[in-house]
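> The structure under discussion is supplied below as structure tokens; questions concerning it will follow.
The values are calculated or read from the model by the stated rules, or taken from the named source; none is laboratory data. Every value quoted in this text rests on a predicted model; they were computed, and no experiment measured them. Every residue, glycine as well, gets a Cβ built from its backbone with ideal geometry; the counts of neighbours run over all protein chains shown.
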Amino acid sequence: MEDQKRKLAAIVFTDIVGFTKLTAKDQTLASALLTKQRETFKPIVESHGGTWLKEMGDGLLLIFDTVTEAVNCCIKIQEEALNIEEMILRIGIHQGEILMLENDVIGDDVNVASRIEAFSAPGGIAISGKVYDAIVREMHYKTKYIGRPKLKGVGQDVTVYCIISHGLPETNMADVSAKLEDTRSKFFYPGIAALVLLPLLLYLFLFRGARVDSIAVLYMDVGSYTELNYLETITEDLIFDLTSSSQGLIKVSEPVEVKKHKDSDMSLEDLADELGVDFVFKSSVQPDDNGFIFRVRLFDSGAGKDRFINKWYIEKNSLQSVVAVLIDNIVKELGIEQSEDYARLEYDPESYDLYLQAKNIYATSDNYDDNVKAVTMMEDAISKDDNLVMAQIYLGTMQYDMGNYTQASVIYEKALSKSKSLQDNASMAESLRKQGQLLRKRKDYGGSLSKFSEALSMSTVMSDKSSMAKTFNSMAILNWKMKEKDEALKNWLQALAIVEELDDKPKISKYLNNIGIWYQDDSDYSKSVEYYQKSLTIKEDLGDVRNIGKTLNNIGNVYFMMGDYVNSVEYYGKSVEIKEKLQDNKGLANTLKNIGETYFYLEEYQEALRSFRRSISYGGKDQDKINENEQYIGMSHYYLGHFDSCNVYLNRADEYYSSSQEKRLAILPYLIASYKKVGDAQVSNTLLKDLRSIAEDHEALKKDLIIANWASYEALDLLGHGKEAKGFLENAYFEIKSRSRDIKDKDDRSKYLATTLHTKITKAWNSK
């Protein structure tokens, strides 16, 4: 009877590209190539702990205990293959459960691995989502998302990536010949069915493969006519509608790609080269009596000359025709068959003008009255023409921003319904994404995921990368709220990869910051700082002063959590400098409180007092913030020996937090010890009874409070209750140990354990 064993393994399939043709051409050379493969690669496999399970013609089946060893081995194999003539390999890696036979393996996951190999570029490596999940946190591996194709004979949903670091080539889907199920009969839309269709839609998009021309639509130049600034928004509508109407027959650069060249004095030829496009469309506008004069150029970078130069006079009441006229000229000149549905995208002139002005006011003003005015104008625009779906979506966003979620929900639903009737795919995708955000806000996580999935499907089919990135980010935030941390990281990395490709610096910075938060929560502090620093560098390049202050505060928080208080104070201080210049009183109050806490841990109590008092001065009438600061002021006074002041501040804080046993647990030990110091044993003992009562009722709670437990230990030890004091010391010591074990980096862990407080607690515990 054959020996059988089930195990989790990394499964590798390899294949020599063009081997069949080589065999037909020169059988001797083909045979020698197989021998060379065995002699060269088998020692590499064995050195990485792998099993050379079997050879299948020119293909190999390899098994590894860990994903990392499998990936590293395959990278080494591809490196060595470069030195062997005719040795061009495709490699696929998957992780799953296998059934080991005597000289073979079986199982659905083996079938998956065999199918994934076909998605590798010649000389490259394709991996499944399970392998991706195992290596995603390792910065030295770079991957690119391929899709979720339906693999023939495979019963599970499989996500496919390719490794693009270590000199490995990226997969070109036009070269892929994978074994896929015929899913055409299952295609239907719209509705919730989009969730089922996501893998297929991705496949249809990614497998299309044919090259299409590309165009960059530059932002409209209004020259010195600042009163026409609002007309610049026409550019975004032009890009939006050209993408939608051309059915993927031309690649349109994202707004973020062209916006950074808005005021560029580069030639159109140089701009085409910089943006990597075949055509550049440039427009300008100036006022003239009762209308506008529009001038446009379509530059052909390949020919090095203009395809056309035109000029139009547009009356004010015909402004809505501008986008349609411009698109019509572009698609006709380039020979693109325009979508039949685009003819529907005609709007009431007054409606369109109101929409442009409202959008500009809302985007450029933080004034409440201006925002209300913009909302009213947008509502008027929609009332005049409800086919203006983009106005409906924008109005929904306005209401969402203002906290009017019910109104926003109604507006988004109307926008979705209208975009479906108009077959406006771009508006459908944006409406779905906005609905997903709203449902997430309302904690309807299942409904939110459904909307995001539909939106991602639509965006992918249209090759709208900016929309795809925004949706991946939205899904990551949803995953985070659902405590699906690994999924959150995966989606943020997807979003980051897309915006890096688009060179969208603000979004790159934003998503780097989000990933920094992820690693901070995961107690991987060094990696968190790494991502925050990358985000900070971009913000500094952009001159994004407000967000620079926020990121500096984030870095200060990470250093505080790892116990590196010196660096923590430094970054908090830099944040304060910026917030002072911005007159950001709320931000100042928060960061100054952080500085005060850091000095408290450094046992520099005078500096702590100074920071807490400054925090109060900027905090306004926020009583919660006032009392948080006063609590620490009282605690600082205790260690300075100012017991009367300690009692004043802590009694005030204790009264304010009378209903919060958690807060009182951190305050009472200091009051107990302070009253003992001033000789008021009666009050000290009364407060001790309160502490004991809270501690008895909140065993789990007290274990999270290292300072409170340490202070309780000191207070009880002072009162001569040594045995009882030891219990609090035990809580503090083992909580430190527990937290230190969660810290991923060994050096970070050492810093955490070496702080003054933690050293004191450890020393006290070891002496008992």
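> For segment 612-630, how many residues are in contact with a Phe, Trp or Tyr (Cβ under 8 Å, 6 or more places away or on another chain) and either of a type in the set (Lys, Arg) or over 17 Å from Glu655 (Cβ atoms) (or both)?
1
> Condition first: free of Cβ contacts under 8 Å to residues at least 12 places away in the same chain, in contact with a Ser or Thr (Cβ under 7 Å, 6 or more places away or on another chain), surrounded by 16 or more Cβ atoms within 10 Å (Cβ to Cβ) and not hydrophobic (A, V, I, L, M, F, W, C). Can you find one or more residues in segment 675-691 that meet it?
No, segment 675-691 has no match at all.
One line per residue, one yes/no per condition, for (1) among the aromatic types (Phe, Trp, Tyr); (2) within 22 Å of Leu668 (Cβ to Cβ):
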| residue | (1), (2) |
| --- | --- |
| Glu696 | no, yes |
| Phe728 | yes, yes |
| Asp748 | no, no |
| Thr755 | no, no |
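> Just checking, which of Tyr649, Tyr639 is more than 40 Å from the chain's Cα centre (by Cα), assigned by TED's automatic domain parsing to the domain that holds Tyr559 and either crowded, with 24+ Cβ neighbours inside 10 Å or outside any helix (DSSP H, G or I) (or both)?
The match here is Tyr649.
> Let me ask something else about it. For segment 217-332, which fully contained strands (runs of 3 or more DSSP E) count at least 2 residues that are surrounded by fewer than 17 Cβ atoms within 10 Å (Cβ to Cβ) and at pLDDT 85 or above?
Because the criterion is at least 2 residues that are surrounded by fewer than 17 Cβ atoms within 10 Å (Cβ to Cβ) and at pLDDT 85 or above, the strands (runs of 3 or more DSSP E) in segment 217-332 that meet it are 279-288, 291-300, 305-315.
> Residue check, Glu604 against (1) within 16 Å of Asn567 (Cα to Cα); (2) within 32 Å of the chain's Cα centre (by Cα), all met but one. Which one?
Unmet condition: (2).
> Restricting attention to segment 359-375, does a residue exist that is outside any loop (DSSP other than H, G, I, E, B), modelled with pLDDT of 80 or more, closer than 15 Å to Lys434 by Cα and not small (Gly, Ala, Ser)?
no
> If you go through segment 37-51 one residue at a time, do you hit one that is out of contact with any Cys (no Cβ under 7 Å at 6 or more places or on another chain), among the small types (Gly, Ala, Ser), surrounded by 15 or more Cβ atoms within 10 Å (Cβ to Cβ) and in the same structural domain as Gly123 (by TED's automatic domain parsing)?
no
> Residue check: is Leu89 more than 13 Å from Val45 (Cα to Cα) and out of contact with any strand residue (DSSP E or B) (no Cβ under 8 Å at 6 or more places or on another chain)?
no
> Among the candidates Ser615, Ser674, single out the residue that is touching a Gly at 6+ places or on another chain (Cβ under 8 Å) and assigned to a helix (DSSP H, G or I).
After ruling out the rest, the residue left standing is Ser615.
> Output the number of residues of segment 565-607 satisfying the condition of being within 19 Å of Asp624 (Cβ to Cβ) and either in contact with a strand residue (DSSP E or B) (Cβ under 8 Å, 6 or more places away or on another chain) or assigned to a helix (DSSP H, G or I) (or both).
Total meeting the criteria: 14.
> Which numbered condition in (1) surrounded by fewer than 16 Cβ atoms within 10 Å (Cβ to Cβ); (2) of a type outside the set (Lys, Arg); (3) in contact with a Cys (Cβ under 9 Å, 6 or more places away or on another chain); (4) in a strand (DSSP E or B) is the only one that Glu55 fails?
Against the list (1) surrounded by fewer than 16 Cβ atoms within 10 Å (Cβ to Cβ); (2) of a type outside the set (Lys, Arg); (3) in contact with a Cys (Cβ under 9 Å, 6 or more places away or on another chain); (4) in a strand (DSSP E or B), Glu55 comes up short only on (3).
> Does Ser351 satisfy the condition of being small (Gly, Ala, Ser) and at pLDDT below 75?
No, not satisfied.
> Out of the residues in segment 701-745 meeting the condition of being of a type in the set (Lys, Arg) and outside any helix (DSSP H, G or I), tell me which one is modelled with the lowest pLDDT.
Applying the filter and picking the extreme gives Lys703.
> Which residues, taken from segment 450-465, are assigned to a helix (DSSP H, G or I), of a type in the set (D, E, K, R) and modelled with pLDDT under 90?
Lys465
> Follow-up question, since we're still on this one. Among the residues of segment 13-37, write down those that are hydroxyl-bearing (Ser, Thr, Tyr), assigned to a helix (DSSP H, G or I) and modelled with pLDDT of 80 or more.
Hits for segment 13-37 are Thr28, Ser31, Thr35.
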